[in-house]
Amino acid sequence: MDAPTTTSADNGTSGGGAGWFTPHTQPETTPGSEREASEGNRLAGMRPVGRTTADTETDQQRENAGQPVVTAPATDPYVPAQRSTSSAPPPAPAAPQTAVPARAEQASPDAVLIRRTMAEVAPVADKVTSYFYALLFVRHPDLRSLFPAAMDTQRDRLLKALLTAAEHVDNTPVLVDYLQNLGRGHRKYGTRPEHYAAVGECLIGALSKYASGVWHPEMEAAWVRTYTTISQVMIDAAAADELRAPAWWYAEIVAHDLRTRDVAVLTVRPNQPYPFLAGQYASVETPWWPRIWRHYSFASAPRHDGLLTFHVKAVPAGWVSNALVHRSRPGDILRLGPPAGSMTVDHTTDSGLLCLGGGTGIAPIRALVEDVAEHGERRPVEVFYGARTDHDLYDIDTMLRLQQTHPWLSVRAIIDQHAHLQLPDAIRQYGPWSGYDAYLSGPPGMIRNGVDALRNVGIPSERIRHDSVEELVGAGD
């Protein structure tokens, strides 16, 4: 990481903490801009923007199934649109009213400016994020303790969060839902309201440096207004969540079942009730890697005894996954962040469920099956369990037992090694699926191929659910 020099650190912004909210040079006032500035902390002032996240996969991502990702725009063919009937990520906020995303030619002035900034810095995104953290830790060294020792993954997450917020500047309900979840999730890091001003100051410092070719007072003012509102949504969500839930839960490992040489099933007992929905996931921190959190899906529906189960696959160079699979033992204490994710069953309908699970991505699929059974529903559930080899079908016996118990459940194994029938072909062969909602969990490549196959057989995007592929970036170890 290149440390900033004292001559270039400010780049036209204030280096004095909260003072950054006021641009040095006031832009010319346009109709409505004075009111917008004064109401910057109101949701109506939101101007979310458009994103062009590169679709990259690491070996760890391909290996790590069933672990979540940042919600992508509804126009992304790989990511499902938000459904107004779905359960919101917990703790469940009030569902925002549905809004039609604005067309490009209808973009607000602030959205146009923010998109222009992001287009300018996209080729040097790594430098932008490295410079941002350098600024943050030089100007506010007390904040360094909130972050992990290794910052590579953290840099990626910042950029993806920024791009996601930028994508939805003109789609307030989607952005607010995303930011509320982000604000609640940040509680586990020890984030406080006063930290947001420091982050905003350094963010604008980094953007102004690397977007210098297009940066001007009006652009800075647009970022100030947008970030002010973004931070206020996150602060308010965290404050509301503090009244009803802890920032994290302690959980003791009570069982450690090594299913294969690199897959373990962990059962943990939280120190207090942990509310969640089948299909969701939790962030997990181990005692061996403080401040490094990784996402793992729940492998069962909520249980009467309060125990939680996770399926963990150790991936090469994966700090957390290797610690959980090869080092952890009963009696070890983990920390859990709040539950998240919207890949949940809509119990207000009687639609069938078409479930595609690959690798440890079978964990949340199993939870969905249990959820349907516990609700006493007899809606058809079709599960395609994908694996590279027979050896990777580590939970097939459990799924087959569920099939024997529930006549509405059908389980089919699709094994790459045999190559008799690839997943897209299997979906086409066993259809039609017009009356089904689709759920996918697994490696990013499987999710992308699965979404393509589902769309090709006529299942609309709004009936396809999975945790966003981008959140799996950096969560795979």
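The numbers here are math on the coordinates, done by the rules we state, and not lab data. Owing to the predicted nature of the structure, the values given are computational and were not obtained by experimental measurement. All Cβ positions, glycine included, derive from the backbone under ideal geometry; neighbour counts span all protein chains shown.
Give me the extension gain from Gln422 to Arg291: residue separation times 0.36 nm, minus the current Cα-Cα distance, reported in nm with one decimal. Don't skip to the end; give the middle numbers.
On the way: separation 131, 0.36 × 131 = 47.16 nm, distance 3.99 nm.
In short, 43.2 nm is gained.
Placing unit charges on each Cβ (+1 for Lys and Arg, -1 for Asp and Glu) gives the stretch 100-254 a dipole about its Cα centre, and among Ile204, Ala222, Trp249 the Cα reaching farthest toward its positive end belongs to Trp249.
Add +1 for every Lys or Arg and -1 for every Asp or Glu among the other residues with Cβ under 12 Å from the Cβ of Trp215, and state the total. Charge balance in the 12 Å sphere: -1.
Note down the net charge around Glu242, summing +1 for each Lys or Arg and -1 for each Asp or Glu among other residues with Cβ under 13 Å from its Cβ.
Details: positive: Arg184, Arg187, Lys188, Arg192, Arg244; negative: Asp236, Asp241.
Its environment carries a net charge of +3.
Spin-label pair Asp346-Arg388: with each label point 7 Å from Cα along the Cα-Cβ axis, the two points sit 3.6 nm from one another.
Assign unit charges at the C-beta atoms only (+1 for Lys and Arg, -1 for Asp and Glu), then state the dipole size of the stretch 249-336 relative to its Cα centre in Debye, rounded to the nearest 20.
The dipole of the stretch 249-336 has a size of about 160 debye.
By per-residue mean of other Cβ atoms within 10 Å, what is the highest-first order of 116-127, 164-175?
Details: 116-127: 16.8, 164-175: 24.2.
In decreasing order of mean packing, 116-127, 164-175 become 164-175, 116-127.
Both the radius of gyration and Dmax for the stretch 249-336 are 11.9, 36 Å, in that order, over alpha-carbon atoms.
Could you tell me the calculated FRET efficiency between Arg412 and Leu307, based on Cβ-Cβ distance and R0 = 25 angstrom, to the nearest 0.05? Provide the component values of the computation, followed by the final result.
Values: r = 29 Å, r/R0 = 1.16.
Computed FRET efficiency for Arg412 and Leu307: 0.30.
Each of Phe147 and Asp452 was given a label point 7 Å from its Cα along the Cα-to-Cβ line. The distance between the two points is 3.6 nm.
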